[in-house]
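Undergrad: Have a look at this one before I ask anything.
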Amino acid sequence: MNEAQFMALCKSGKFKEALTLALDGKEKAKFSPSRFAIDKKSGTPIFYRGNKRVEIGADGEWELAKNNWQPGGPQD
């Protein structure tokens, strides 16, 4: 996924096109995202399948995101 092109589409209000760009032909994958949000702190996209967070794995396939939240961490 070309993140610069993805963000340009988001800024111009073309959210469906941005999600299609992120899917990159893998619409039928089990964990392909159905929606996304932009993280306000880092400005990076966060993808969701239903209410579960998904990310692109090392093999290039969509998978459930690893839970990196820890009590008392920076997210608290």
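Undergrad: Quick one: which strands (runs of 3 or more DSSP E) lie wholly within the chain and hold at least 2 residues that are open to solvent by 100 Å² or more (accessible area, probe 1.4 Å) and modelled with pLDDT of 90 or more?
TA: Result: 52-56.
Undergrad: If the Cβ limit is 8 Å and pairs must be 6+ apart or interchain, which residue in the range 13-25 that is under 16 Å from Val54 (Cα atoms) pairs with which residue that is open to solvent by 50 Å² or more (accessible area, probe 1.4 Å) and not in a loop (DSSP other than H, G, I, E, B)?
TA: Note: pairs meeting the criteria are Leu19/Arg35; Leu21/Gln5.
The values are calculated or read from the model by the stated rules, or taken from the named source; none is laboratory data. As the structure is a prediction and not an experimental result, all values here were calculated from the model. Every residue, glycine as well, gets a Cβ built from its backbone with ideal geometry; the counts of neighbours run over all protein chains shown. Calculation scope for accessible area: heavy atoms of the full protein, side chains included, ligands and nucleic acids excluded. Shrake-Rupley method; radii C 1.70, N 1.55, O 1.52, S 1.80 Å.
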